[in-house]
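In what follows, a structure is listed as structure tokens, so that the remarks can point back to it.
Nothing in this text is a laboratory measurement; each read-out follows from the coordinates by a stated rule. What you are looking at is a predicted structure, and each value in this text was computed from that prediction instead of being measured. We place every Cβ from the backbone using ideal geometry, glycine too, and count neighbours over all the protein chains shown.
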2 protein chains.
Amino acid sequence: MSLPAQPTSPTVILTGDRPTGPLHLGHFVGSLRNRVAYQNDYKQFIMLADAQALTDNMDDIDKVRRNVVEVALDYLAVGIDPAKSTILIQSQIPELAELTFYYLNMVTVARLERNPTVKAEIALRGFERDIPAGFLTYPASQAADISAFKASIVPVGEDQIPMIEQTNEITRRFNRIAYKDILVECKALVPEMGRLPGTDGKAKMSKSLGNTINLGATAAEITAAVKKVYTDPLHLRVEDPGHLEGNVAFIYLDAFDPDQASLAEMKAHYVRGGLGDSIVKKRLEGVLQDMLAPIRARREELAKDRGYILQMLKQGTAQAREVAARTTDEVKAALGLSYF
Amino acid sequence: MSLPAQPTSPTVILTGDRPTGPLHLGHFVGSLRNRVAYQNDYKQFIMLADAQALTDNMDDIDKVRRNVVEVALDYLAVGIDPAKSTILIQSQIPELAELTFYYLNMVTVARLERNPTVKAEIALRGFERDIPAGFLTYPASQAADISAFKASIVPVGEDQIPMIEQTNEITRRFNRIAYKDILVECKALVPEMGRLPGTDGKAKMSKSLGNTINLGATAAEITAAVKKVYTDPLHLRVEDPGHLEGNVAFIYLDAFDPDQASLAEMKAHYVRGGLGDSIVKKRLEGVLQDMLAPIRARREELAKDRGYILQMLKQGTAQAREVAARTTDEVKAALGLSYF
């Protein structure tokens with residue numbers, strides 16, 4: 001019995017990160033874990049969005065550059081396999097800028113200004129009237145990234161769904177102009193597990209809030225972070241009944257503890273009363289130390305050979321560029337922009 | 001005595017046209033004539049701005065594509081020499097889109113909205129709120145075109161001066177980020193002779209107003225156009241004194257008549273009274289027929305070998321691309337976007 005032939009057009013996933021800082025547990029839960037699974041079943045492109053990161057980091061160019069390699073290390077450390085996933089650097093594929101350029105003609109300024117994700121991110125960054133044009137127009141850039149690889153699945157957080165809609169609007173507009181379905185519509189894939197809160201209980205883990213646990217954290221950093229983990233402010237005495245809602249220690253245990261049966265018992269005990277936070281935190285610390293130790297070790301090992309990481313990125317980028325160049329040729333031909 | 005060495009960094013001029021229709025006398029006066037002169041003294045790049053033309057011609061892609069070759073024929077017919085000037089097709093130089101992409105981060109939306117040229121053109125096209133994003137952001141694209149070739153002189157009409165200012169703002173902003181003067185500031189070169197009015201007396205010759213005389217016009221088309229040329233509406237009888245102001249027949253004679261001394265006498269006669277419009281128009285027709293006949297003949301000859309035109313465009317574009325690629329490498333390196 002022979003194996004079935006590799007499908008010639010497997011489903012394509014595009015995913016990635018803005019390389020603006022080390023990845024943390026929030027990324028692990030929200031995307032990295034899934035990517036390690038997806039790479040076995042899909043053609044997965046993972047983009048280091050350095051060019052997009054510049055849209056609001058023009059004052060800290062070095063940060064973006066430096067983190068390209070750091071984030072690549074995080075990828076490999078958690079088990080993303082460059083033999084299965086294609087890891088690419090956005091800025092090294094000029095075709096992505098070219099597609100962006102043409103897609104800018106397929107979306108109005110008013111439509112971009114109405115985009116809820118863009119609106120929220122403009123507010124978040126405090127741009128107000130001083131919005132860099134590249135920031136307002138980044139949905140066109142995102143449409144370029146997705147469509148260049150003809151991705152039909154794009155794993156994103158719920159807040160990014162309007163971006164996917166905008167991409168599909170551009171796709172449809174372009175296909176109408178081209179009189180054929182050159183570009184592929186895509187679907188947002190929202191992870192079942194919601195966003196992981198920060199160690200301080202805030203809704204989002206974020207480097208700028210100082211409430212993260214990085215994937216490369218040292219044992220001592222993990223210990224210190226767990227100590228500060230937000231639990232139940234009403235749980236003043238051990239014998240008091242505790243609350244699970246918003247209790248970051250239990251949210252993390254839900255996400256990472258491999259022994260969910262015994263965790264269920266612990267939760268029941270906590271709710272009944274008689275279980276101190278220190279016991280819960282001790283369990284959490286054990287779980288995180290066990291989970292992160294091999295990731296950290298692998299990361300440290302890989303970090304010794306930056307030449308290998310760059311070689312891997314160069315190769316992935318070259319592979320990805322071939323695909324993007326084919327799409328760009330199709331797009332430009334449909335726009336009448338091929339002469340020779 | 002030996003000739004002085006060719007300067008290694010001659011002054012660079014960038015000029016060009018949106019290929020949306022055949023070129024006419026307005027282009028001849030406003031730019032083409034000057035380009036024929038400039039090519040002897042400067043390194044001149046002439047861009048067929050097909051990608052920019054798409055920003056407001058997405059509904060008529062074929063028009064843009066077709067006119068790339070037509071406009072190139074006009075260029076060669078009037079004496080632009082591809083051995084002296086580099087003629088390039090914008091869309092075939094991906095680096096121009098790439099530079100645009102990065103420059104979008106160096107200009108705010110508010111600044112683009114305040115640009116008087118953009119404002120005027122938005123009003124002219126009736127876009128109102130439905131402005132394609134690519135139209136609002138085209139100053140960034142223009143900055144990319146100018147800076148890619150490190151042009152320091154850009155011949156433009158007076159209405160385009162704000163675009164040049166915007167380009168220089170982006171240049172300065174980028175050079176500040178790069179900590180060195182990678183990009184070159186440019187100067188607008190406004191032609192001494194103002195804009196040529198249309199045959200109907202309207203301020204601008206424009207295909208959509210039907211008031212043009214094309215460079216490739218047939219003898220019969222020239223005759224018909226001159227017949228309709230707007231003169232002096234108060235000059236009802238031959239013996240009446242005539243007015244020169246706004247009199248298109250005399251404006252064209254000023255621009256094209258090789259015998260300006262005898263033209264001065266004719267003007268004096270017209271103003272005194274006793275000279276009919278038909279005599280003036282007869283002179284104008286003779287001047288235009290004489291001027292356009294060799295251009296038309298050369299154009300028809302060249303049009304027989306479109307293969308040659310495409311070959312010439314391919315070669316010019318390849319030469320231009322080398323220059324643009326060097327600049328783009330410098331720009332990306334300064335932004336930290338070089339890894340391999």
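Here are the numbers for the structure shown:
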{"item": "Viscosity 0.890 mPa s, temperature 25 °C, Stokes-Einstein D of the stretch A:159-216 from Kirkwood C-alpha radius, µm²/s", "result": "171"}
{"item": "Net charge contributed by nearby residues that have their C-beta within less than 12 Å of residue A:23 (K/R +1, D/E -1)", "result": "+2"}
{"item": "Exposure proxy order (Cβ contacts within 10 Å, fewest to most) of B:27, B:269", "result": "B:269, B:27"}
{"item": "Per-copy distances of the residue B:308 label point, shortest first, in nm (7 angstrom along Cα→Cβ)", "result": "6.1"}
{"item": "Cβ-based exposure ranking for A:295, B:164, in which fewest neighbours within 10 Å come first", "result": "A:295, B:164"}
{"item": "Between 0 and 90°, nearest 10: helix B:277-303 axis offset from chain B longest Cα axis", "result": "40"}
{"item": "Formal net charge of residues neighbouring residue B:76 (Cβ-Cβ distance under 15 Å; K, R +1; D, E -1)", "result": "+2"}
{"item": "Sequence-separation-based contact order of the stretch B:216-301, relative, with Cα cut under 8 Å and 6+ spacing, percent", "result": "39"}
{"item": "Residue-averaged [θ]222 nm for the protein assembly as shown, counting only DSSP H segments that reach four residues, each worth -39500 (n - 2.57)", "result": "-16000 deg cm²/dmol"}
{"item": "The stretch A:102-208: equivalent-ellipsoid semi-axes (sqrt of 5 x gyration tensor eigenvalues, Cα, Å)", "result": "27, 19, 9"}
{"item": "Cα-based helix-to-principal-axis angle, B:161-178 vs chain B, degrees rounded to 10", "result": "10"}
{"item": "Cut-off under 5 Å, modelled amide H: who pairs with residue B:24 long-range", "result": "B:215"}
{"item": "Percentage, to the nearest whole number, of Cα pairs in the stretch B:216-301 over 18 Å apart", "result": "42"}
{"item": "Exceeding the 24 Å Cα-Cα cut-off - candidates A:207/A:227; A:63/A:187; B:63/B:228", "result": "A:63/A:187; B:63/B:228"}
{"item": "³J(HN,Hα), Karplus 6.51/-1.76/1.60, whole Hz, each residue of the stretch B:20-33, x for Gly, Pro", "result": "10, x, x, 7, 9, 4, x, 5, 4, 6, x, 8, 4, 4"}
{"item": "Across the identical copies, how the residue A:293 labels are spaced - nm, sorted shortest first, 7 Å along Cα→Cβ", "result": "9.7"}
{"item": "Value of Rg to Rh for the stretch B:152-267 (Rh from inverse mean 1/r over Cα pairs, i.e. Kirkwood)", "result": "1.18"}
{"item": "Value of relative contact order over chain A, rounded to a whole percent, pairs C-alpha under 8 Å and six or more apart", "result": "21"}
{"item": "Cα principal axis extents for the stretch B:82-127, largest first, Å", "result": "40, 26, 17"}
{"item": "For q = 0.30 Å⁻¹, Debye-computed log10 I/I(0) when each Cα of the stretch A:31-73 counts as one equal scatterer", "result": "-1.01"}
{"item": "Viscosity 0.890 mPa s, temperature 25 °C, Stokes-Einstein D of the stretch B:1-154 from Kirkwood C-alpha radius, µm²/s", "result": "146"}
{"item": "Relative exposure of B:161, A:61, A:146, judged by other C-beta atoms within 10 Å (fewest first)", "result": "B:161, A:61, A:146"}
{"item": "Under 5 Å, built H, 5+ apart or other chain: amide partners of residue B:44", "result": "B:13, B:86"}
{"item": "Three principal axis lengths of chain B [C-alpha, angstrom, descending]", "result": "79, 56, 43"}
{"item": "Per DSSP, loop chymotrypsin sites (Phe, Trp or Tyr not before Pro) in the stretch A:156-242 with at most 10 further Cβ within 10 Å", "result": "A:179"}
{"item": "Using a 7 Å Cα-to-Cβ projection, residue B:234 label spacings across copies, nm, ascending", "result": "9.2"}
{"item": "For the protein assembly as shown: Kirkwood Rh in Å [reciprocal of mean 1/r, alpha carbons]", "result": "28.9"}
